[in-house]
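The values are calculated or read from the model by the stated rules, or taken from the named source; none is laboratory data. Everything numeric in this text was worked out from a predicted model, so none of it was measured. All Cβ positions, glycine included, derive from the backbone under ideal geometry; neighbour counts span all protein chains shown. Remember, those area values only see protein heavy atoms, side chains included, never the ligands or the DNA or RNA. Shrake-Rupley method; radii C 1.70, N 1.55, O 1.52, S 1.80 Å.
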Amino acid sequence: MTEGIGARVLRKEDKRFLMGKGRYTDDIVEPNQAYAAFVRSPYAHAEVKSIDASAAEGMDGVVAVLNGEQLTGDGIGNIICGWAVTQKDGSGMNMGAWSALATNKVRYVGDAVAVVIADSIEQARNAAEAVEVDYKILPAVAQSVDALASGAPEIHENAPGNVVFDWEIGELAPTDAALEGAAHITEMEITNNRLAPNPMEPRSAIATFNAAEDHYTLYTTSQNPHVARLVLSAFYQVAPEHKLRVIAPDVGGGFGSKIYIYPEEITCLWASMKTNRSVKWTSDRTEAFLTDAHGRDHVSTAKIGFDKDHKIVGLKVNTKANLGAYMSLFSSAVPTYLYATLLSGQYNISNIYCDVQAVYTNTVPVDAYRGAGRPEACYLLERIMETAARELGVSPAELRRKNFVTSFPHETPVIMTYDSGDFATNQEQAMTAADFDGFEARRAEAASRGKLRGIGFSNYIEACGIAPSAAVGSLGAGVGLWESAEVRVNPVGTIEVLTGSHSHGQGHETTFTQVVAERFGLPTENIQIVHGDTDKVQFGMGTYGSRSGAVGMSAIFKALDKVEAKAKKIAAHVLEASEDDIVIEGGEVKVAGTDKTMGWHEVGLAAYTGHNLPEGMEPGLKETSFYDPTNFTFPAGCYICEVEVDPDTGVTDIIQFVASDDFGTIINPMIVEGQVHGGIAQGIGQAMLENVVYDDDAQQLSASYMDYAMPRADDLPNYSVHHASTECPGNPLGMKGCGEAGAIGSPPAVINAITDAIGNNDLSMPATPSKVWAALQAASAKQAAE
Amino acid sequence: MTEVSMTVNGKAVKADVPDNTLLVQYIREHLRLTGTHVGCDTSQCGACVVHVDGKAMKSCTMLAAAADGAEVTTIEGIADNDLHPMQTAFKENHGLQCGFCTPGMIMTATDMVKRYQADGLELTEDAIRHELEGNICRCTGYHNIVKAIADGASKMTSA
């Protein structure tokens, strides 16, 4: 089987993208469409005293100028957060209201107060400039720590002290006691820098209200069109669910930022009804920086204790998580259940306590970005492990190995149950691939050229395949996290798979096809994957959290089970054999041990003609599955980064980057390696280049590609990617997930390597040449003083 | 309004457009050739690269009027029926994921290969990475794009 599970099948979707025939939202034109331009606050925090649209309304081509009072007046609901976190004291979150168009107050630069609908985009933008908004400017705050300080400006009146919630996990007293008795303590302050996700396709929406049918259609850049439809109808009351079709066509990357249902999509739908025109909006890049949910932005203190044998006895963490000006859809889950539950890492730690203060600031809302909470946990733990090894004077690899979890299932003190893994093998494989033993010789050789070499480890574990619906429900999730699939066998034997997963670069049209091809021995060209349209696909929870393999493909697998069972029944009847003797392989349906056979297409035809079916069997061959996962999955691995620093300039070159990952079963190694490459690139971007910068007035200073350092080809190395898999026991294909691993595992490896090279552990991300150079100067000054 | 006429993918086209119409707007909105993309507003990302008189240009950075009389080739025009060798190389080396930056990458890559071949220079990995300065990809980490361009260069030579 050259096109089945495990084969490096070239992608089915590539041809249309290569030929310029992809169909992204902004490529779509509706008859008589109008364009939306938003009037956005230039201030981070202000009262809206009045909006005067009279001049704008009179301008050429302007169809309407609409504001937040009209929007709420029409019953459009406030934007929700989909995960209710319970505070330490048992109370709920202090959630402030978020209207798609702000009414009395704006809370970040970019907060929309009105929208202009006009015949052309240029007319809309010109008129938006002419809308006069009278603001009373208020003091603003951008950093979580500053927002918690006494006297900080109050952003939402129902969130005193700007605290959204104060949450904890693990046991405080036993952790304190364990740390009290530790032979060695390592303490660190760790900042996880704020990032802008930056999929290359900016967000876009085109909404069409059909008054004759009282029906809405929305094309949008979404990772989860069904969730968008559900939320738009159930919470925002834009339209009832059966009167709203959401289509996410080709989507040019997401990385989390296209999970959420943003003000712009809500506004376009509503404006289409108000104006009786199709309304289109496409973000420009600066608008994307100002409105797409950001990621990370944690400030933490951490304390880890070891006994005299260097076994970890306890870990205590406090984190301040910046949630921005409003609570985005999964914002509450990211710094809690997607973060602190992974603080045990790959290690046996009996005592962990973490508390998290989630904080409102006058910044863009913060939500899940590739990895979502897990990169923050991994960075904290792997930085402190490397630091502890340096303090203890032992090998970082050995300190980790000594503390690895080695038997499964393993329950951590932070509610996760690891189901499988082989951390030592991945570490060994990475060390071999990186020629770790030869490093000191390479360091000496570099030193002879006046360069500083360093090497750094990161042993990550993460939780994917989210997640059992009952489990996430008990933790506060507002939705179930199953996935659905429908497998339709046509009368000629070709197959369509309708999936609730959404592909925006992950190659589902190829990998999902491979699973079907493997099952029936069919050529991949006979199989079509359909996704991204609520009128076609029954339902779906979408693609994020590396769940399309472990959850989405499991649903396909279960639907295939049902199709296979029915096909066998039909074949047994036609071939006059026992159902147990039927085997399906190579596109043939055979009676084992005989020459009796029928083609797969003949089974399809038999199912649809219905001329000769078993007594009582319904015609047709189409089956559905709603698959609910049994546990999270736990991809894990070891990343090793080797760098060379120029001490004169602080410029850091990555000499090699090695990854050894355990993703469970791999359907298509080519695609999996591509996912790892992209994840590592984003992780190196976080570690060395990327940073969202706000000034003291909470103005975003990094809102363009002139100012935000996107990783480019000559910033990055080639990657040496390896796998050492253990099968995941929790799903039928044994898959763990690979989409986020690279972004989770790589930042600490990079920073551990640079700090090793320069001999100064006091270095924050992004480690730009000027920061590295300053850290080098500080190290030499310290050395001189000693 | 300005009248512009040019040849796009071998076909003569003519239109009256507002003076400030960018070439990319003309290509996408007037000609409805939507393979050329817009990924930023500061001429950084390269999703909009087309060939103007045989040279790679960011079509967001020039007016349609400035291309008056020019020969323009977009991603839709680089191969007749099947794939151009560079397109094949991107497919075979998994040099694309979401596909949004891909047309610009391919237009930059074919231009790069032609320039290096014309100058008799070797297109090394370092050279490819340096030449990609003006094209941003967020999905692939560039590893496979660099491989694809090297492979595409040899395919173009042997083609």
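Here is how the numbers come out for the structure above:
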{"read-out": "Breaking point among (1) touching a residue at least 60 places away in the same chain (Cβ under 8 Å); (2) open to solvent by 10 Å² or more (accessible area, probe 1.4 Å); (3) among the small types (Gly, Ala, Ser), for residue A:741", "value": "(2)"}
{"read-out": "Tabulated pairs, the stretch A:587-606, first within 13 Å of residue A:568 (Cα to Cα) and not assigned by TED's automatic domain parsing to the domain that holds residue A:564, second crowded, with 19+ Cβ neighbours inside 10 Å and at pLDDT 95 or above, C-beta under 6 angstrom, 6+ apart or interchain", "value": "none"}
{"read-out": "Candidates A:683, A:664, A:730 - the one that is crowded, with 24+ Cβ neighbours inside 10 Å and on the phi < 0 side of the Ramachandran plot", "value": "A:683"}
{"read-out": "Any hit, the stretch A:691-710, residues being in a helix (DSSP H, G or I) and buried (at least 21 other Cβ atoms within 10 Å of the Cβ)", "value": "no"}
{"read-out": "Matching residues in the stretch A:56-78 - criterion: being under 34 Å from the mean Cα position of the chain (by Cα), open to solvent by less than 30 Å² (accessible area, probe 1.4 Å), of a type in the set (Gly, Ala, Ser) and farther than 20 Å from residue A:158 by Cα", "value": "A:68"}
{"read-out": "Positions within the stretch A:351-386 being closer than 19 Å to residue A:310 by Cβ and open to solvent by 10 Å² or more (accessible area, probe 1.4 Å), in sequence order", "value": "A:351"}
{"read-out": "Which listed residue, of A:515, A:414, A:479, is farther than 26 Å from residue A:342 by Cβ and of a type outside the set (D, E, K, R)", "value": "A:515"}
{"read-out": "Meets criteria (assigned by TED's automatic domain parsing to the domain that holds residue B:12, at pLDDT 95 or above and within 17 Å of the chain's Cα centre (by Cα)) for residue B:56", "value": "yes"}
{"read-out": "Residue count, the stretch A:194-216 (criterion: buried (at least 22 other Cβ atoms within 10 Å of the Cβ) and more than 18 Å from the chain's Cα centre (by Cα))", "value": "7"}
{"read-out": "Hey, residue B:122 part of a loop (DSSP other than H, G, I, E, B), over 14 Å from residue A:678 (Cβ atoms) and in contact with a Phe, Trp or Tyr (Cβ under 9 Å, 6 or more places away or on another chain) or not", "value": "yes"}
{"read-out": "Test for residue A:111: is it in contact (Cβ under 8 Å) with a residue 60 or more places away in the chain, within 25 Å of the chain's Cα centre (by Cα) and assigned by TED's automatic domain parsing to the domain that holds residue A:276", "value": "yes"}
{"read-out": "Single condition residue B:111 does not satisfy, out of (1) of a type in the set (D, E, K, R); (2) facing another protein chain (nearest Cβ under 9 Å); (3) open to solvent by less than 30 Å² (accessible area, probe 1.4 Å)", "value": "(2)"}
{"read-out": "Answer residue from the stretch A:515-526, given it is hydrophobic (A, V, I, L, M, F, W, C) and part of a helix (DSSP H, G or I) and is farthest from residue A:251 (Cα to Cα) among those", "value": "A:520"}
{"read-out": "Selected residue (criterion: surrounded by the most Cβ atoms within 10 Å (Cβ to Cβ)) from residues of the stretch B:25-83 that are in a loop (DSSP other than H, G, I, E, B) and away from every other protein chain (no Cβ under 14 Å)", "value": "B:70"}
{"read-out": "Residue match in the stretch B:84-107 (condition: at pLDDT 95 or above, away from chain A (no Cβ under 11 Å), part of a loop (DSSP other than H, G, I, E, B) and within 12 Å of the chain's Cα centre (by Cα))", "value": "no"}
{"read-out": "Wholly enclosed helices (runs of 4 or more DSSP H) of the stretch A:12-103 bearing at least 2 residues away from every other protein chain (no Cβ under 14 Å) and out of contact with any strand residue (DSSP E or B) (no Cβ under 8 Å at 6 or more places or on another chain)", "value": "A:68-73"}
{"read-out": "Output for the stretch A:79-96, where each listed residue is more than 25 Å from the chain's Cα centre (by Cα) and more than 16 Å from residue A:321 (Cα to Cα)", "value": "A:89, A:90, A:91, A:92"}
{"read-out": "Meets criteria (of a type in the set (A, V, I, L, M, F, W, C), closer than 22 Å to residue A:268 by Cβ and within 14 Å of chain B (Cβ to nearest Cβ)) for residue A:9", "value": "no"}
{"read-out": "Residue A:191 being part of a strand (DSSP E or B), open to solvent by 50 Å² or more (accessible area, probe 1.4 Å) and among the β-branched types (Val, Ile, Thr)", "value": "yes"}
{"read-out": "The one condition in (1) open to solvent by 10 Å² or more (accessible area, probe 1.4 Å); (2) closer than 30 Å to residue A:743 by Cα; (3) touching a helix residue (DSSP H, G or I) at 6+ places or on another chain (Cβ under 6 Å); (4) in a helix (DSSP H, G or I) that residue A:549 fails to fulfil", "value": "(3)"}
{"read-out": "Residues that are open to solvent by 10 Å² or more (accessible area, probe 1.4 Å) and more than 24 Å from the chain's Cα centre (by Cα), drawn from the stretch A:235-257", "value": "A:237, A:238, A:240, A:241, A:242, A:243, A:245"}
{"read-out": "Residue tally, condition more than 10 Å from chain A (Cβ to nearest Cβ) and either out of contact with any Phe, Trp or Tyr (no Cβ under 6 Å at 6 or more places or on another chain) or of a type in the set (Lys, Arg) (or both), over the stretch B:128-159", "value": "10"}
{"read-out": "Hey, residue A:698 within 10 Å of chain B (Cβ to nearest Cβ), farther than 25 Å from residue A:374 by Cα and of a type in the set (A, V, I, L, M, F, W, C) or not", "value": "no"}
{"read-out": "Subset of the stretch A:711-726 [assigned to a loop (DSSP other than H, G, I, E, B), within 23 Å of the chain's Cα centre (by Cα) and within 13 Å of another protein chain (Cβ to nearest Cβ)]", "value": "A:711, A:712, A:716"}
{"read-out": "Criterion: more than 25 Å from residue A:641 (Cα to Cα) and out of contact with any Leu (no Cβ under 7 Å at 6 or more places or on another chain) - qualifying residue of A:384, A:415", "value": "A:415"}
{"read-out": "Tally of residues being outside any loop (DSSP other than H, G, I, E, B) and β-branched (Val, Ile, Thr) across the stretch A:639-676", "value": "10"}
{"read-out": "Hey, residue A:776 more than 13 Å from chain B (Cβ to nearest Cβ), more than 20 Å from residue A:298 (Cα to Cα) and not in a helix (DSSP H, G or I) or not", "value": "no"}
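For every residue, the table says whether it meets (1) in contact (Cβ under 8 Å) with a residue 12 or more places away in the chain; (2) in contact with a Phe, Trp or Tyr (Cβ under 8 Å, 6 or more places away or on another chain).
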| site | (1), (2) |
| --- | --- |
| A:548 | yes, no |
| A:551 | yes, yes |
| A:558 | yes, yes |
| A:562 | yes, no |
| A:566 | yes, no |
| A:571 | yes, no |
| A:579 | no, no |
| A:583 | no, no |
